Amino acid sequence: MSSQTSSSLMDVFTRRHIRPFLLSMGLMLIQQLSGINAVIFYTVDIFEMSGSTISGHLSTIIVGVVNLLATFVANAVIDKVGRKVLVYISSALMVVSLLALGSFFHVRVSPRCSLLRDLLLQHKISSLKICFC
């Protein structure tokens, strides 16, 4: 007959469990602050507002497929590279992507950036076309 041990919620805050608990909470916080939920929920609006020639719904499908493929690639690479390195790389890419998205819409909407907006629209800079079309 095996003996059962009882545990309580306060066991999470013991010295042994506090570091893994804080790490998991930190990763969940980073995920929420990354804005991925807002980007996924408003993908159709983002692509329609960007002036893309591709329909917003098709763009959503493309974003979903890229997300799925990135998940498979991350799972294949995680044992070779390591979790910590992948978190650093994905966090850096997330910051760059969100800065590009925010900058694009800031330039598009802000009246102070009308000269820059006209320049971008007139010359159709290829890097913005790739990111937002």
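The values are calculated or read from the model by the stated rules, or taken from the named source; none is laboratory data. Nothing here was measured: the structure is a model prediction, and the numbers come from that model. Please note: Cβ atoms are built from the backbone with ideal geometry, for glycine as well, and neighbour counts cover all protein chains shown. Calculation scope for accessible area: heavy atoms of the full protein, side chains included, ligands and nucleic acids excluded. Shrake-Rupley method; radii C 1.70, N 1.55, O 1.52, S 1.80 Å.
Only residues that are small (Gly, Ala, Ser) and without any contact (Cβ under 8 Å) to a residue 60 or more places away in the chain: list them for the stretch 31-82, please. Step through it out loud before you land on a result.
As a first pass, look at the stretch 31-82 and keep what is small (Gly, Ala, Ser): 34-35, 38, 50-52, 55-56, 59, 64, 70, 74, 76, 82.
Result: Ala38, Ser55, Gly56, Ser59, Gly64, Ala70, Ala74, Ala76, Gly82.
Counting only residues that are open to solvent by 100 Å² or more (accessible area, probe 1.4 Å), give me the helices (runs of 4 or more DSSP H) lying completely in the stretch 11-118 with at least 2 of them.
The helices (runs of 4 or more DSSP H) meeting that bar are 15-33, 56-81, 83-109.
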